[in-house]
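This report refers to the structure that appears directly beneath it.
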Amino acid sequence: MQKCGLFFTTYNSEDQLFPSTFQKTCLGLFMAAMLAAPCVLDFYYISVMNLIMIAVIGAVSLNLLTGVCGQMSLGHGAFVGVGAYGCAVLASKGLPFLLCLLGGGAMAAIAGMIFGIPSLRLKGIYLAISTLAAQLILEYVFLHWTSFTGGANGMPVDSPEIFGFMFDSDEKMFYLIFAITTVCVLGVSNIVRSRSGRAFVAIRDFYQSAENVGVNLFQYKLQAFATSSFMAGLAGGLWAYYTMYITPEQFSIGLSISYLAMIIIGGMGSVLGSIFGAIFITLLPEVLNTATSLLATVAPEASAMAAPLKEGVFGLTLVLFLIFEPEGLVRKWKLIKAYWKLYPFAY
Amino acid sequence: MEYYLQLIINGLVVGSIYSLVALGFVIIFKATKVVNFAQGEMVMAGAYICFALTVQYQLPFLLSFLITLVFSLVLGILVERMVLRPLIGEPIISVVMVTIGLSSILKSLVQVFWGTQIRVFPPILPQEPIMVFGLPIAPVYIAASVLCLLLFAVFSLFFKYSSLGIAMRATAFDQQAAQSMGIGIKNIFALSWCIAAVVSSIGGIILGNINGINSQLGHLGLKVFPAVILGGLDSLLGAALGGLIIGVLENLSEGLARDLLNLGGFKEVASFVVLVIILMVKPYGLFGTKEIERV
């Protein structure tokens, strides 16, 4: 629903990413608030925001593949891992940060394309299971290719450096991650509006009709896998640089599942939804941590149950969302906006 | 040579448990077109209930076995009613994710009640190995394989001759036609979840008797995917054969990878390499129904 008083007179104006001045103002204010955040907030909130932004990149990229193109992937966590290990290996060879990040992304893109090839013949549940296999095979590689990945011991990564400037604190990393996240989010928003994006949607909605109207399925499916895994690789690289130490279990099937949970809870096929979902899923364990530590002051035995309870609450949230709000948080957001636009009338 | 024979026999025993779990998987998929990612956690839940009854409440094994089966029936009905029924007609990803969510819930419940360490069942059968063709095999292995064979025979007969079994096959073949012939589809769905939960529990109890159980048992559910894809997602015979083949293959490749390539832990991933190859070459498996689509 457009804002009242907003009329389009050309196709170009209707096709804008942010058509109304109000939207642009809000976005400007939001960017300003984000840029000011590290000066105001304390260390803990900055680190949580960093994790959220890395999750946003992963979720947005998975949403491009699964939500927009309809190719379900249970292997996204492993592609993030390929990016992280790729970055770490390149960085240990002494390459500059930006090259490492792009190189890690490229490696992830190649891995994604290799495991995306079966998608030409497989769809739905078969594709999900083949990407699950990709996840487990890549996990095995991380764990057993010791000369490259350090095996179960993991490998350290140095702080990134661009032209002599070291990003060695959470605040500095915040700006770096924020810049890359912004580029990725805008990138995906624009891909969705482009020729490729429309092809992706056509493939998702009905692949046979898409093929009949001249969409090259193989090309566009591989393109979706490559773009999505490239961004997953960027997320992985940033994660490696931010946490400064990576081990195989960080990129287990649990990570793939939490990315899928993000796009489902946020809203499939929606960029805004991926952001909401990433915030929700990253904050969930933090909130539970606070809750259990509060509870532990009353009942000390509660802290032992914290880990399993986290998993249970995660599962329960997922199930409840799927049953009661399958379209995700983004639908709630639209309802709220519509309510205020129409206020005080109901329709 | 003897080492490899031993590996094959171990593979067959583990494979027969995979077959059982795969059976539950196939029954659910056949009737409801739902792929159940929580199958491994159902195995785990059954195993822990039986463990709690025999060890913590000191009930005789047979009684606790029966109570576990009743519990699984209830679990199956609850899951179908509360979680899966609202999602009928939703896209595949939603249904997959709801079963993944379910698996998280079951896993966390088990961890809250029983912690994460390995629990061992009290031995029920004698420990003394029996010699078969000159190879020592533990009685529990033989019992496990026989029990699995028996269950497969029972279910084959059930689907072939009983009216409920026929109704289930009809539902699997064409839901609308079955419904118009007066088959209660909803009951069939619930029934298939019950059967799946029951066979998974039996698998879990057998596993508990062989290796002991811990909260990572749910990982077994992932092992079942290669087995069912190899056999075909909607074929009972396929589930049986697929389970056995994957079980043997896993053990053999572990042995071979260690001897020839000096690679450890190849067992974990061998079946998934096979899975990718099968999906590329023969996506519907050995006995699966080909889906033919027309515009």
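The values are calculated or read from the model by the stated rules, or taken from the named source; none is laboratory data. Here the structure is a predicted model, which is why all the values come from computation and not from measurement. Note: ideal-geometry Cβ built from the backbone for every residue, glycine included; neighbour counts use all protein chains shown. Protein only, heavy atoms only, side chains kept; ligands, DNA and RNA dropped before computing areas. Shrake-Rupley method; radii C 1.70, N 1.55, O 1.52, S 1.80 Å.
What ³J(HN,Hα) values, in whole Hz, does the Karplus curve 6.51 cos²θ - 1.76 cosθ + 1.60 give for the stretch A:200-206 when θ = phi - 60°, with x put for Gly and Pro?
4, 5, 4, 5, 5, 6, 7
Quick check: Cα centre of the stretch A:24-89 to Cα centre of the stretch B:179-217, how many Å?
39
For the stretch B:219-242 and the stretch A:198-233, what is the separation of their C-alpha centers, rounded to whole Å?
Answer, in whole Å: 30.
Could you work out how far apart the two model spin labels at B:V154 and B:R169 are, taking each label as a point 7 Å from the Cα in the direction of the beta carbon, and quote it in nm?
2.0
Under the 0.36 nm per residue contour assumption, what length would be gained going from the current alpha-carbon distance of B:L261 and B:L59 to full extension?
67.9 nm
I want to verify a result. In a Gaussian network model of chain A, Cα cutoff 10 Å, which of these has the top mean-square fluctuation: A:A133, A:A37, A:A306?
Largest GNM mean-square fluctuation: A:A306.
Just how far, in whole angstrom, is the stretch B:12-28 from the stretch A:118-140 if you go by their alpha carbon centroids?
21
Taking each residue of B:104-116 in turn, how many C-beta atoms of other protein chains fall within 10 Å of its C-beta, and what is the average? Could the numbers behind the result be given before it?
Numbers: counts 14, 8, 3, 4, 11, 5, 2, 7, 7, 2, 1, 3, 2.
Average neighbour count from other chains, rounded to a whole number: 5.
Taking θ = phi - 60°, what integer Hz values does the Karplus form 6.51 cos²θ - 1.76 cosθ + 1.60 yield along the stretch B:204-219, in sequence order, with x for Gly and Pro?
Working through the residues one at a time gives x, 5, 4, 4, x, 6, 8, 10, x, 10, 9, 6, 8, 4, x, 4 Hz.
Most mobile of A:Y259, A:Y220, A:Y44 per a Gaussian network model of chain A (Cα springs, under 10 Å)?
In this elastic network of chain A, the residue with the biggest mean-square fluctuation among A:Y259, A:Y220, A:Y44 is A:Y44.
Whats the longest run of chain B with zero trypsin sites (Lys or Arg not before Pro) that are DSSP loop and have at most 12 other Cβ atoms within 10 Å?
B:1-289
Go ahead and estimate [θ] at 222 nm for chain B from helices alone: -39,500 (n - 2.57) per DSSP H run with n ≥ 4, summed, over the residue count, rounded to 500. Could you put the intermediate results ahead of the total?
Values: 11 runs with 201 residues, N = 295.
About -23000 deg cm²/dmol.
Please give the average number of partner chain Cβ atoms lying within 10 Å of the Cβ of each residue in B:256-265, rounded to a whole number.
Per residue, the number of nearby Cβ atoms from other chains is 1 on average.
Roughly how many debye, to the nearest 20, is the charge dipole of the protein assembly as shown about its Cα centre, given +1 on each Lys and Arg Cβ, -1 on each Asp and Glu Cβ, and no other charges? Each step should come with its number before you reach the end.
Values: 32 positive and 30 negative charges, 329 e Å.
Using Cβ point charges on Lys, Arg, Asp and Glu, the protein assembly as shown gives about 1580 debye.
Once phi is turned into θ = phi - 60°, what whole-Hz ³J(HN,Hα) does the Karplus curve with 6.51, -1.76 and 1.60 give for every residue of the stretch A:339-347, x standing for Gly and Pro?
3J(HN,Hα) across the stretch A:339-347, in whole Hz: 4, 6, 5, 8, 3, x, 9, 7, 10.
Between A:T9 and A:F218, what FRET efficiency follows from the Cβ-Cβ distance if R0 is 45 Å, with the result rounded to 0.05?
After rounding, the FRET efficiency stands at 0.65.
Give me the Å³ per residue figure for the convex hull around the C-alpha atoms of the protein assembly as shown.
194
Quickly estimate the mean residue ellipticity at 222 nm for chain A, helices only: each DSSP H run with n ≥ 4 gives -39500 (n - 2.57), and the total goes over all residues, rounded to 500.
Calculated mean residue ellipticity at 222 nm is -24000 deg cm²/dmol.
Residues in the stretch A:242-282, backbone N under 19 Å from the label point at A:S159 (7 Å along the Cα-to-beta-carbon vector): list them, ranges by number please.
A:242-246
Residues of B:167-176, mean number of Cβ from any other protein chain within 10 Å of their own Cβ, rounded to a whole number?
0
I'd like the accessible area for A:D158: 1.4 Å probe, protein heavy atoms, all chains in place, Å² to the nearest 10.
Here the accessible area works out near 120 Å².
When chain A is modelled as a GNM with alpha-carbon springs shorter than 10 Å, which of A:L238, A:L74, A:L41 fluctuates the most?
Comparing A:L238, A:L74, A:L41 in the GNM, the peak value goes to A:L41.
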